[in-house]
1. Suppose we keep only residues that are small (Gly, Ala, Ser) and in contact (Cβ under 8 Å) with a residue 40 or more places away in the chain within the range 55-80. Which one would you say is nearest to the ligand (Cβ to nearest atom)?
2. Where in the range 1-72 are there strands (runs of 3 or more DSSP E), lying wholly inside it, with at least 3 residues that are closer than 25 Å to LYS143 by Cβ and touching a strand residue (DSSP E or B) at 6+ places or on another chain (Cβ under 6 Å)?
3. Kindly indicate whether any position in the range 220-239 is over 19 Å from ARG49 (Cα atoms), in contact with a Lys or Arg (Cβ under 7 Å, 6 or more places away or on another chain) and of a type outside the set (Gly, Ala, Ser).
4. Select from the range 277-298 the residues that are β-branched (Val, Ile, Thr) and either near the ligand (Cβ under 7 Å from one of its atoms) or surrounded by 22 or more Cβ atoms within 10 Å (Cβ to Cβ) (or both) and write down the one among them that is farthest from GLY160 (Cα to Cα).
5. Give the residue that is farthest from TRP327 (Cα to Cα), with candidates limited to residues of the range 19-36 that are more than 9 Å from the ligand (Cβ to nearest atom) and not hydrophobic (A, V, I, L, M, F, W, C).
6. Filtering the range 299-343 down to residues that are out of contact with any strand residue (DSSP E or B) (no Cβ under 6 Å at 6 or more places or on another chain) and near the ligand (Cβ under 9 Å from one of its atoms), which residue is farthest from LEU103 (Cα to Cα)?
7. Sort out which residues of the range 177-223 are of a type in the set (A, V, I, L, M) and under 20 Å from the mean Cα position of the chain (by Cα), and write them in order of number.
8. Mind counting the residues in the range 276-290 that are more than 15 Å from VAL14 (Cα to Cα) and not in a loop (DSSP other than H, G, I, E, B)?
Amino acid sequence: MEHFDCVVVGGGMVGAASALTLAQLGLQVALVEKFTPKDFSTEQALDLRVSAISLASQNLLSQVGAWQQVQQWRTCPYKRLGVWEHESAYTEFNADDIEQSHLGHIVENRLIQLALWQQITGMSNIRTFCPETLIALEQDNNKATLTLSNNTLTAKLVIGADGAQSKVREMSAIGMTGWDYQQSAMLINVETSMSQQDITWQQFSPTGPVAFLPLPGKSPLGGYASLVLYHQRDEITRLASLSNSQLQQEILKSFPKQLGDIKVLGKGDFPLTRRHANTYQNKQVLLLGDAAHTINPMAGQGVNLGFKDVLALQHVIAAAIGNGEVWHDESVLARYEQMRRKENLLMMSTMDALYASFSHPSPLIKVARNIALLAVNKVPFLNSTIKNKALAYACGL
Ligand SMILES: Cc1cc2nc3c(=O)[nH]c(=O)nc-3n(C[C@H](O)[C@H](O)[C@H](O)COP(=O)(O)OP(=O)(O)OC[C@H]3O[C@@H](n4cnc5c(N)ncnc54)[C@H](O)[C@@H]3O)c2cc1C
């Protein structure tokens, strides 16, 4: 049996970042992950799972030394964000408005994870257990015991960063509330007739939005992009059954003309769910990232919220160590939830309100939401206050 200050279960983007930030405080950390991250080579096709990484998340990744590697591999910065339903109410957010060079980067999830793991191998106070799976978790006398497939570990603190279907959450009897949106999101990687772009856009419609995220590199047609199409599950199942060339025809019919010509390279679909753990803590167990909250991906905030959890926990433990407190005391750990719960809930609820408003079929509500978008763009006072504040918030500033 091996003992650690902290065992992080789940070595995805959030878990790996958390292992690094806790190791930066001098703690002895174990990281348990089911699947070995795959090495990178430039010939590999762009992965379907990508995230819009905010400026705040970029700062965290820089702090732990992973961002430099991600940038050397491949990322696509974007400077502008366009949203509209009716074309006359097109609203564009620009990095210049908040005095930044860009609003964020589109990055493949697996590259973020891999860059974090590369940093982990350089840390003498992090041990990785991979491939390994959590089988059982028990807590007694200020200590947790984790039974893995091939090892048994004990820890003063256990972090559940094992995603939306978290076993840590289940094994520590933390309940959750949530629902299925009855919709799915289809992710489609395409070649585009336009070369690499600096804009990401989203057009709303009552059946669900369609979105464009630019991807890096030159393709035979011009550039690359990731398209996201939200729709009822039956419709997404139908689209998923089409050949790439049939899907291409459907996309050209349903996406706005800004898209230009495309060639479909690959596709995948994900059900949309919302989950929020009833508490982020049970004694020495804390939940971070999707294990604590799974948000509608419409505004691309999921992993960005998870990285804010990571920073909050590092801050709480660093402050406790600095004040001479027992950093793993339940009352100290409770400060993490106090810092994060309200913000996570606010973001989840805001996304739900937007989602409900834009999917409402009433013509009156349609007019109202387009007037609201138009006003935010055209009325100088609203433009400089609401629009820029919302933009800075979305960037995590
Ligand atoms: C369609 C779609 C688009 C999205 N777009 C964006 C976006 O643009 N921007 C954004 O910020 N977010 C986006 N998200 C959300 C984002 O992908 C998630 O918030 C993020 O992946 C969560 O990271 P995580 O590390 O918490 O969990 P995960 O990525 O789920 O990682 C959990 C890890 O735990 C491991 N694990 C699980 N169980 C065990 C176990 N029992 N033992 C050991 N290991 C285990 C898994 O193998 C995995 O590596 C999107 C989500 C979807 C569905």
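Read-outs: derived from the displayed coordinates by stated rules, not from any lab. None of the values given here were measured: they were computed from a predicted structure. Backbone-built Cβ (ideal geometry, glycine too); neighbour counts: all protein chains shown.
1. Only one residue fits best here, namely SER57.
2. 2-9, 29-32
3. yes
4. Ranking the qualifying residues of the range 277-298, first place goes to ILE295.
5. THR36
6. Result: ASP309.
7. Matches in the range 177-223: ALA185, MET186, LEU187, ILE188, ILE199, VAL210, ALA211, LEU213, LEU215.
8. Of the residues in the range 276-290, 5 are more than 15 Å from VAL14 (Cα to Cα) and not in a loop (DSSP other than H, G, I, E, B).
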